[in-house]
Amino acid sequence: MGRQKAVIKARREAKRVLRRDSRSHKQREEESVTSLVQMSGVEAIGMARDSRDTSPIEARNEAQAHYLNAIDNKQLIFATGEAGCGKTWISAAKAAEALIHKDVDRIIVTRPVLQADEDLGFLPGDIAEKFAPYFRPVYDVLVKRLGASFMQYCLRPEIGKVEIAPFAYMRGRTFEMRW
């Protein structure tokens, strides 16, 4: 009989401890939710601490001035030029600016990936990993202009603010409020 009483007493004590821990956990959880609600969404996910480049986008030559003017006038643009003349940088910087100002819902990054008879099948990994080397120049600019943690947030598939897609997969798609 003494053993049964000890077991019953131990069970009661365990239940009491669990209830107490549950109440304190619930209180801590409510405090966390309250403090999260009091913060703005950007601060809540740690984006406010990131530094980002907010300097104005300025043309360095006449060709870049024409390019910026065409972008600002929302014209359909095919930019050509030598490597390093600013085509990618200007486009990515203006895309980041448009996303920040909510002029667009999403940035879609696409590039033709076939160079010197290469194919995406030769690279290891899934399609995102295969496309990563081609996305890197745009990614670097977007990280600088948007901030690293906000860029990571935008790349999450469930958020979809920045989408990476090889040019070969763009056929038949329709875009509204996209860069």
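The numbers here are math on the coordinates, done by the rules we state, and not lab data. Nothing here was measured: the structure is a model prediction, and the numbers come from that model.
Near I164, the amide H atoms lying under 5 Å from its own belong to V109; only residues 5 or more places off or on other chains count, and H is placed 1.01 Å from N.
Global dimensions of the stretch 62-169 from alpha-carbon coordinates: Rg and Dmax equal 14.5, 42 Å. For G147, the residues 5 or more places off, or on other chains, whose built amide H falls under 5 Å of its own are D53.
Cross-link partners for K94 among the lysines, with Cα-Cα distance under 19 Å and sequence neighbours closer than 8 places in the same chain left out: K74, K102, K144, K161. Each residue of the stretch 141-157 was assigned a 3J(HN,Hα) from its phi angle through the Karplus curve 6.51 cos²θ - 1.76 cosθ + 1.60 (θ = phi - 60°); the sequence is 5, 5, 4, 5, 7, 9, x, 5, 6, 5, 4, 4, 4, 5, 7, 4, x Hz, with glycine and proline shown as x.
Around the amide H of D105, modelled in the peptide plane, lie the amide H atoms of R178, all under 5 Å away and 5 or more residues distant in sequence or on another chain. Taken one residue at a time, the phi angles of the stretch 90-105 give Karplus couplings (6.51, -1.76, 1.60, θ = phi - 60°) of 5, 4, 5, 5, 5, 5, 4, 4, 5, 5, 4, 7, 6, 6, 10, 8 Hz. Gly and Pro are set to x.
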